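In what follows, a structure is listed as structure tokens, so that the remarks can point back to it.
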Amino acid sequence: MFKHLIFDCDGVLVDTEIVAAEVVSKVLNKYGREVSLDQYIREYTGKLISVILNTIPSENREGINIQEIMHECEIEIYNQLRPVADMPEVVKTLPLPKSVVSNSALWQVEKAINHVGLNDVFDQRYFSAEMVPNPKPAPDVYLHASETLGIDPSNCLVVEDSKAGVNAAVKAGMTVIGFVGASHILPGHAEALSEIGAKHIAKNAQELQSIIKDLTK
């Protein structure tokens, strides 16, 4: 029986992944790490920006500060926040207590949730990769959330859009719904999420609503 709903933030609640792909891929190309937008989406969605920027060739890093570049990218991305279509309205209708588990920094999660008007729904139950040794795809942040909430992982139902996120939640022993309704999703992504352990696939917020209500009857 499910007792708690857990949502990833970027690409599930807010449609930031396509913005992040555009912003960070430009930076990578500027510093000699050639990557197309599609390639970025396939390889890096759901991963920490700091990890992605560290793929810049070492010979091109002289005189640049990765942390400063990362911060500039984050500000640009989060100045363009928009909700995933219909998601705020749907989330408010769903049963069970809810949390957010994200690879993003805590300030980013808080800004995103405030922007889409879901503060009351999540009641400050935010868990960031900053809080644990290893980000997704490691299960650390999901296990930390489970322990903090006092809920067994098997009683948690997770909504994730990225392969890194699905991997993390599955490794933590949670049931995962793969969400493929954000604007960065490429053909074949639903199948990829299913292959690594997503038990259900939702193509939009309305499908997600139906799946969750069926699973929590």
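If the requirement is being free of Cβ contacts under 8 Å to residues at least 60 places away in the same chain and of a type in the set (K, R), which of these qualifies: K98, K92?
K92
Just checking, how many residues over the stretch 31-66 are in contact (Cβ under 8 Å) with a residue 12 or more places away in the chain, touching a helix residue (DSSP H, G or I) at 6+ places or on another chain (Cβ under 9 Å) and not in a helix (DSSP H, G or I)?
10
Out of everything in the stretch 33-69 that is exposed (fewer than 12 other Cβ atoms within 10 Å of the Cβ) and among the small types (G, A, S), what residue ends up being nearest to E191 (Cα to Cα)?
Only one residue fits best here, namely S36.
What pairs come up if the first residue lies in the stretch 67-80 and is part of a helix (DSSP H, G or I), the second is exposed (fewer than 13 other Cβ atoms within 10 Å of the Cβ), and their beta carbons are under 6 Å apart, counting only those six or more places apart or on different chains?
Final answer for the pair search is none.
Within the stretch 141-165, track down each residue that is out of contact with any strand residue (DSSP E or B) (no Cβ under 7 Å at 6 or more places or on another chain) and either in the same structural domain as E43 (by TED's automatic domain parsing) or under 22 Å from E17 (Cα atoms) (or both).
Answer for the stretch 141-165, where residues must be out of contact with any strand residue (DSSP E or B) (no Cβ under 7 Å at 6 or more places or on another chain) and either in the same structural domain as E43 (by TED's automatic domain parsing) or under 22 Å from E17 (Cα atoms) (or both): S162, K163, A164, G165.
Answer yes if at least one residue in the stretch 142-160 is of a type in the set (S, T, Y), more than 22 Å from V84 (Cα to Cα) and surrounded by fewer than 23 Cβ atoms within 10 Å (Cβ to Cβ), and no otherwise.
yes
Considering each residue of the stretch 10-38, count those that are closer than 19 Å to N54 by Cβ and among the β-branched types (V, I, T), and give that number.
Adding up the residues that qualify gives 4.
The values are calculated or read from the model by the stated rules, or taken from the named source; none is laboratory data. The model shown is predicted, which means the values in this text are computed figures rather than measured ones. Backbone-built Cβ (ideal geometry, glycine too); neighbour counts: all protein chains shown.
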